[in-house]
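A quick write-up on the structure given underneath.
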Amino acid sequence: MQRSQNGGWGDVPGMKQRMDQLMDEAWEKFDLQQRVREGGCWKPVTDAYETRDEYVVRMELPGLGKDDVDVELREGELLIYGQRGPNREGGGFSHQVLERSFGPFARRFRLPQGTDPEGIRARLENGLLVVHVPKTEKWQGKQRIEVIQG
């Protein structure tokens with residue numbers, strides 16, 4: 001920055017822009033630390049729906065491989081969790097914009113009765129995890145109750 005003849009305040013717009021940038025960077029770091037304290041860094045975009053034969057969970061996990069994600073059934077709940085690390089391409093750089101989330105994630109889905117735990121299958125392809133939870137043949141979401149005269 002060059003010193004101007006008016007007492008050193010010649011580049012006020014440039015100084016303001018740099019201060020705004022520093023404040024934005026500080027706020028992003030604070031916001032990230034707050035999210036970590038609240039129990040997780042990010043929440044993957046997820047759709048869950050029901051068909052006639054199964055329940056389906058579709059979760060966007062760009063940049064993750066199958067070794068980065070765990071899917072478990074525990075006490076009637078489907079648990080999907082893992083971690084995405086920060087960008088490690090090259091080195092010696094500082095982010096100008098950091099919008100992609102990283103760190104641990106976890107999602108939990110209570111499964112209704114009438115699901116087949118042995119038939120659950122999961123596939124991760126092109127950043128999309130799809131989990132299929134089949135319904136048992138005994139339970140298709142609807143059951144006819146016989147009415148007896150009495």
Tabulated pairs, the stretch 113-124, first in the same structural domain as Leu79 (by TED's automatic domain parsing), second outside any strand (DSSP E or B) and among the basic types (Lys, Arg), C-beta under 6 angstrom, 6+ apart or interchain: Leu124/Lys66
Looking only at the stretch 118-137, decide whether some residue is modelled with pLDDT under 75, over 15 Å from Gly82 (Cα atoms) and out of contact with any strand residue (DSSP E or B) (no Cβ under 9 Å at 6 or more places or on another chain). yes
Looking at the stretch 35-57, can you tell me whether even one residue there is more than 30 Å from Val71 (Cα to Cα) and either modelled with pLDDT under 60 or touching a helix residue (DSSP H, G or I) at 6+ places or on another chain (Cβ under 6 Å) (or both)? no
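The values are calculated or read from the model by the stated rules, or taken from the named source; none is laboratory data. These numbers come from a predicted model, not from an experiment. Positions of Cβ are backbone-derived with ideal geometry, glycine not excepted, and every protein chain shown enters the neighbour counts.
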